[in-house]
Amino acid sequence: INPHFIFNALNSIRALIDENPGRARDAITELSNILRSSMKAEKLEIVPFEKELNIVKDYLALEHIRFEDRLQVEYEIDEDTLDQPVPPMMLQTLVENAIKHGISKQINGGVVKVISDFKNDYHELVVQNTGQINGKINSEGFGLSSTTNRLNLLYGDKAKFDIRQINGSLVEARVLIPVNTV
């Protein structure tokens, strides 16, 4: 978890305390869930996708406090994928990158869309976000290198990960995890 996210979340919660105490309480629970999951992630190789998705939903709910109408979130989730094993915090890392490198750089904000489906013999996880890839993708950055390394450790060359510009205003990070391999 990026420390800037934690500070931003705490400042957003602080601003909500007088304005909307109920939402502030919910936001504290969401932040607590994310931090707890982050601490447990180091000890686990895989978690059910549903658990990872719930952390992503908490994360995006907290970011929505900060970005308000500048952040739209969409989910396209095949319910049959919810029990599929995924590396913990992997999807959250991709979503965090989508906010940091995409939405936060857009004056009008944009959309983060999370997709989970089966494609051939793979569990396909996709994070799309408004934005542009400016120049070369920094695969040396912690998030991307961590994702690649974790997939290689768990699945060898059977898993696939890429980030690409789909059109002039949409970036896509895509992970293919072989089904029934772990």
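Only one of L10, L16 is in a helix (DSSP H, G or I) and surrounded by fewer than 17 Cβ atoms within 10 Å (Cβ to Cβ). Can you tell me which?
Exactly one residue qualifies, and that residue is L10.
What are the pairs, 6+ residues apart or on separate chains, where a residue within segment 100-112 that is open to solvent by 50 Å² or more (accessible area, probe 1.4 Å) has its Cβ under 7 Å from a residue that is assigned to a helix (DSSP H, G or I) and charged (D, E, K, R)?
Hits for this filter: N108/R70.
Can you find a residue in segment 35-50 that is open to solvent by 30 Å² or more (accessible area, probe 1.4 Å), touching an Asp or Glu at 6+ places or on another chain (Cβ under 8 Å), assigned to a helix (DSSP H, G or I) and not hydrophobic (A, V, I, L, M, F, W, C)?
There is at least one residue in segment 35-50 that is open to solvent by 30 Å² or more (accessible area, probe 1.4 Å), touching an Asp or Glu at 6+ places or on another chain (Cβ under 8 Å), assigned to a helix (DSSP H, G or I) and not hydrophobic (A, V, I, L, M, F, W, C).
Which condition does L53 not pass, out of (1) closer than 25 Å to N134 by Cα; (2) touching a Ser or Thr at 6+ places or on another chain (Cβ under 9 Å), if it passes all the others?
The number of the failed condition is (1).
Looking at segment 122-132, which of the residues that are open to solvent by less than 50 Å² (accessible area, probe 1.4 Å) and either at pLDDT below 95 or in contact with a Pro (Cβ under 9 Å, 6 or more places away or on another chain) (or both) is farthest from L176 (Cα to Cα)?
Only one residue fits best here, namely G131.
Report, ordered by the first and then the second residue, all pairs with beta carbons closer than 8 Å, sequence separation of six or more or different chains, a first member in segment 39-56 that is at pLDDT below 75, and a second member that is part of a loop (DSSP other than H, G, I, E, B).
K40/P88; A41/P88; A41/M89; L44/P88
Table: residues versus (1) over 15 Å from the mean Cα position of the chain (by Cα); (2) within 18 Å of N129 (Cα to Cα).
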{"residue": "L10", "(1), (2)": "yes, no"}
{"residue": "R14", "(1), (2)": "yes, no"}
{"residue": "V47", "(1), (2)": "no, no"}
{"residue": "G102", "(1), (2)": "no, yes"}
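When the residues of segment 162-182 are narrowed to those that are among the hydrophobic types (A, V, I, L, M, F, W, C) and open to solvent by 60 Å² or more (accessible area, probe 1.4 Å), which ends up modelled with the highest pLDDT?
Here is the first cut: in segment 162-182, the ones among the hydrophobic types (A, V, I, L, M, F, W, C) are 163, 166, 170-171, 173, 175-177, 179, 182.
After this cut, where a residue has to be open to solvent by 60 Å² or more (accessible area, probe 1.4 Å) as well, the list is 166, 182.
Numbers: I166: 94, V182: 46.
Result: I166.
So is G141 touching a Lys or Arg at 6+ places or on another chain (Cβ under 6 Å), modelled with pLDDT under 95 and open to solvent by less than 50 Å² (accessible area, probe 1.4 Å) or not?
Considered against the rule, which asks whether it is touching a Lys or Arg at 6+ places or on another chain (Cβ under 6 Å), modelled with pLDDT under 95 and open to solvent by less than 50 Å² (accessible area, probe 1.4 Å), G141 comes out as no.
How many residues, within segment 106-137, are in contact with an Asp or Glu (Cβ under 8 Å, 6 or more places away or on another chain) and of a type in the set (D, E, K, R)?
Residues that pass the stated criteria total 3.
The values are calculated or read from the model by the stated rules, or taken from the named source; none is laboratory data. This one's a predicted model, so the numbers in the text were calculated from it and none came from an experiment. Neighbour counts run over all protein chains shown; Cβ positions are idealised from the backbone, glycine included. For the accessible areas, the whole protein counts, side chains as well, though only heavy atoms, and no ligand, DNA or RNA atoms are used. Shrake-Rupley method; radii C 1.70, N 1.55, O 1.52, S 1.80 Å.
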